[in-house]
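K.L.:
The structure is given below, and queries will be raised subsequently.
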Amino acid sequence: PREEVAYVTCTYRETGIDEPDFLATIDLNPRSPCYGQVIHRLPMPNLKDELHSVGWSAGCTCFDNVTTRRNKLILPCLISSRIYVVDVGSQCRAPKICKMIEPVDVFWDCNKAHLNVPRSLPNGDILIANMGDPSGNAKGGFIVLDGETFELKGNWENRCEVPPTGYDFCLQPCHNVLVSAAGAVPKRIGRGFNPDDLKKGVFGRRLNIWNLSCRSLIQCFDLGEDSLPLSVKFLHNPNAAEGYVSCALSGIVYRFYKCEANNWAVEEVIRIPAKDVAGWIMPKMPAFTFDLVISKDDKYLYLSNWLHGDIRQYELSKTCKPRLVGQVFVGGSILRGGPVAVCRDEELQCQPEPLVIKCKRVYGGPGKLQLSADGKRLYVTNCFYSTWEKQLYPNVVKEGSVMLQIDVDTESGGLTVNEKFLVDFGREPNGPCLAYDICF
């Protein structure tokens, strides 16, 4: 069925507004009088959590349990390291908090902090990736919540298997594998994007391959200095032992795949060139590929390019070489009339025009993506991380972020901004806020 409701994590951190973060419920039913509007707000009981990623308590990885229901959302906090469990099963249009795990428990029991992506394990437990330790130093790994009680169970990985950094991960139970991507040092990126941090080990560079049942690292790939691999996804076909990882600072997408003798390999399949610019903090602006999603039929791959401002659609051909078939600009730092001038561009003839939807000028760049089950509607927000937003896209902090809908041509490829859909988070009752992750 077509999606009717979306949940979006929203934060007030770094906006100057002293209000708690909240989970927004968006009406996505075109026949509803509230279509494209926030119909409910669930405020968190604390300030400055920085709600970021969101995930279900039970997912498609629980393939052997037909009674599993998706009725709880897991909301880990990037800054406070608090965890909220939200009940969306009782009233899907008016969710409520049913459990909260305090940071001190995460600190003492796991020595972990800066929590990010939650996903469900095949046994029903919930795995949450972390970026650092309680002091803000880089530290990868995962913590585990009980899938029924949501109590904190401790660390997931074997004690000696902690990677230096962490951010996103995906798993494929049929092949007994988990793949995780590196992040960055929390206390360093918490000060903003500093070009001086490049080549100093602040930004991660590894792709980690784990034995899922043994919870141990079996392979690590160095993707290059300051590559910053962020989003990692498997193909949806459970028999296909392959996936893709996007590297934010290098603009490269790698394909990872299973070889003979259960070994894994990586190959570069997409490279988006940096642009020579003037009026920016660096002479070259990298393609900051933040999020990556794959359509349910494994036909298309979508990338959000946060700095340049475009969303890209690639056809996943049988030759394993993705082909660009769709592209649309929804903001970014290189728009015509802005402070940045593009001096040399290997891809574009001219700088893109600013985007205006329903008389609203869209600032910022495309962030998190969510694709409809039929692949025809791609939803996007325009935030990455509040500290970087405040530095690189101050107008987003001032005006509030947005959620857009991109119409997708699923036959031959192509992307078009839907001019009739706009969720304007600049009109929130407590003031403009920053919206991040989207979950149907």
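K.L.:
Could you list all residues from the range 296-323 that are among the basic types (Lys, Arg) and in a strand (DSSP E or B)? Before the answer, list the steps.
P.N.:
Pass one, the range 296-323, residues among the basic types (Lys, Arg): 296, 299, 312, 318, 321, 323.
Residues satisfying the conditions are Arg312, Arg323.
K.L.:
From the list Leu292, Leu303, which one is aliphatic (A, V, I, L, M), modelled with pLDDT of 95 or more and under 22 Å from Val342 (Cα atoms)?
P.N.:
Details: Leu292 fails: under 22 Å from Val342 (Cα atoms).
Every option except Leu303 fails the conditions.
K.L.:
Select, from Val86, Val117, Val106, the only residue that is out of contact with any Lys or Arg (no Cβ under 8 Å at 6 or more places or on another chain) and β-branched (Val, Ile, Thr). First the steps, then the outcome.
P.N.:
On the way: Val86 fails: out of contact with any Lys or Arg (no Cβ under 8 Å at 6 or more places or on another chain); Val106 fails: out of contact with any Lys or Arg (no Cβ under 8 Å at 6 or more places or on another chain).
Selected residue: Val117, the only one of Val86, Val117, Val106 that is out of contact with any Lys or Arg (no Cβ under 8 Å at 6 or more places or on another chain) and β-branched (Val, Ile, Thr).
K.L.:
Inspect the range 42-50 for any residue being over 19 Å from Glu102 (Cβ atoms) and either open to solvent by less than 80 Å² (accessible area, probe 1.4 Å) or touching a strand residue (DSSP E or B) at 6+ places or on another chain (Cβ under 9 Å) (or both) and give the result as yes or no.
P.N.:
No, every residue in the range 42-50 fails to be over 19 Å from Glu102 (Cβ atoms) and either open to solvent by less than 80 Å² (accessible area, probe 1.4 Å) or touching a strand residue (DSSP E or B) at 6+ places or on another chain (Cβ under 9 Å) (or both).
K.L.:
In this structure, does Asp146 turn out to be open to solvent by 10 Å² or more (accessible area, probe 1.4 Å), more than 16 Å from Ser80 (Cα to Cα), free of Cβ contacts under 8 Å to residues at least 24 places away in the same chain and touching a strand residue (DSSP E or B) at 6+ places or on another chain (Cβ under 8 Å)?
P.N.:
Here the answer is yes, as Asp146 does meet what is asked.
K.L.:
Which members of the range 394-440 meet the condition of being aromatic (Phe, Trp, Tyr) and either at pLDDT 95 or above or surrounded by 23 or more Cβ atoms within 10 Å (Cβ to Cβ) (or both)?
P.N.:
Phe421, Phe425, Tyr436
K.L.:
So which of Leu207, Leu198 is surrounded by 18 or more Cβ atoms within 10 Å (Cβ to Cβ) and of a type in the set (A, V, I, L, M, F, W, C)?
P.N.:
Numbers: Leu198 fails: surrounded by 18 or more Cβ atoms within 10 Å (Cβ to Cβ).
Result: Leu207 is the single residue among Leu207, Leu198 that is surrounded by 18 or more Cβ atoms within 10 Å (Cβ to Cβ) and of a type in the set (A, V, I, L, M, F, W, C).
K.L.:
Pairs under 8 Å by beta carbon, first residue buried (at least 23 other Cβ atoms within 10 Å of the Cβ) in the range 368-380, partner not in a strand (DSSP E or B), six or more apart or different chains?
P.N.:
Lys368/Cys383; Leu378/Ser372; Tyr379/Ser372; Val380/Val330; Val380/Pro366; Val380/Gly367; Val380/Lys368
K.L.:
Which of the residues spanning the range 305-344 are open to solvent by less than 20 Å² (accessible area, probe 1.4 Å) and among the acidic types (Asp, Glu)?
P.N.:
The one that is open to solvent by less than 20 Å² (accessible area, probe 1.4 Å) and among the acidic types (Asp, Glu): Asp310.
K.L.:
Sticking with this one: If a residue must be loosely packed, with under 14 Cβ neighbours inside 10 Å and in a loop (DSSP other than H, G, I, E, B), how many such residues does the range 282-295 contain?
P.N.:
Going through the range 282-295, the residues loosely packed, with under 14 Cβ neighbours inside 10 Å turn out to be 282-284.
Subsequent filtering for residues that are in a loop (DSSP other than H, G, I, E, B) retains 282-283.
Final tally of qualifying residues: 2.
K.L.:
Could I ask something else about it? Among Ile281, Ile252, which is under 28 Å from Pro186 (Cα atoms), aliphatic (A, V, I, L, M) and in contact with a Lys or Arg (Cβ under 7 Å, 6 or more places away or on another chain)? Write out each step before concluding.
P.N.:
Values: Ile281 fails: in contact with a Lys or Arg (Cβ under 7 Å, 6 or more places away or on another chain).
On inspection, the qualifying residue turns out to be Ile252.
K.L.:
Can you tell me which residue among Tyr244, Tyr257 is in contact with a Phe, Trp or Tyr (Cβ under 8 Å, 6 or more places away or on another chain) and open to solvent by less than 40 Å² (accessible area, probe 1.4 Å)? Give the derivation first.
P.N.:
Numbers: Tyr257 fails: open to solvent by less than 40 Å² (accessible area, probe 1.4 Å).
Only one candidate passes the filter, namely Tyr244.
K.L.:
Would you check which residues across the range 312-327 are among the polar types (S, T, N, Q) and within 22 Å of the chain's Cα centre (by Cα) and list them? Please lay out each step first, then the result.
P.N.:
Going through the range 312-327, the residues among the polar types (S, T, N, Q) turn out to be 313, 317, 319, 327.
Correct list: Gln313, Gln327.
K.L.:
Mind listing whichever residues of the range 83-116 are open to solvent by less than 10 Å² (accessible area, probe 1.4 Å) and under 26 Å from Pro229 (Cα atoms)?
P.N.:
Ile83, Val106, Cys110, Lys112, Ala113, Leu115, Asn116
K.L.:
A further question follows. Do any strands (runs of 3 or more DSSP E) entirely within the range 180-265 hold 1 or more residues that are more than 21 Å from the chain's Cα centre (by Cα), and if so, which? Give the derivation first.
P.N.:
On the way: elements: 206-211, 216-222, 229-234, 242-247, 252-258.
Passing ranges, in order: 206-211, 216-222, 252-258.
K.L.:
Name, by its number, the condition in (1) within 23 Å of Gly190 (Cβ to Cβ); (2) within 22 Å of the chain's Cα centre (by Cα); (3) modelled with pLDDT of 95 or more that does not hold for Ala138.
P.N.:
(3)
K.L.:
Of (1) in contact (Cβ under 8 Å) with a residue 24 or more places away in the chain; (2) farther than 29 Å from Val117 by Cβ; (3) open to solvent by 70 Å² or more (accessible area, probe 1.4 Å); (4) not charged (D, E, K, R), Gln391 satisfies all except one. Which?
P.N.:
Against the list (1) in contact (Cβ under 8 Å) with a residue 24 or more places away in the chain; (2) farther than 29 Å from Val117 by Cβ; (3) open to solvent by 70 Å² or more (accessible area, probe 1.4 Å); (4) not charged (D, E, K, R), Gln391 comes up short only on (2).
K.L.:
Filter the range 345-356 down to residues that are surrounded by 15 or more Cβ atoms within 10 Å (Cβ to Cβ) and not acidic (Asp, Glu), then give me how many there are.
P.N.:
Here is the first cut: in the range 345-356, the ones surrounded by 15 or more Cβ atoms within 10 Å (Cβ to Cβ) are 345, 351-352, 354-355.
Still in the list and also not acidic (Asp, Glu): 351-352, 354-355.
Residues meeting the conditions: 4.
The values are calculated or read from the model by the stated rules, or taken from the named source; none is laboratory data. Just so it is clear, the structure is predicted and the values come from calculations on it, not from any experiment. No Cβ is skipped: glycine too gets one built from the backbone with ideal geometry, and neighbour counts run over all protein chains shown. For the accessible areas, the whole protein counts, side chains as well, though only heavy atoms, and no ligand, DNA or RNA atoms are used. Shrake-Rupley method; radii C 1.70, N 1.55, O 1.52, S 1.80 Å.
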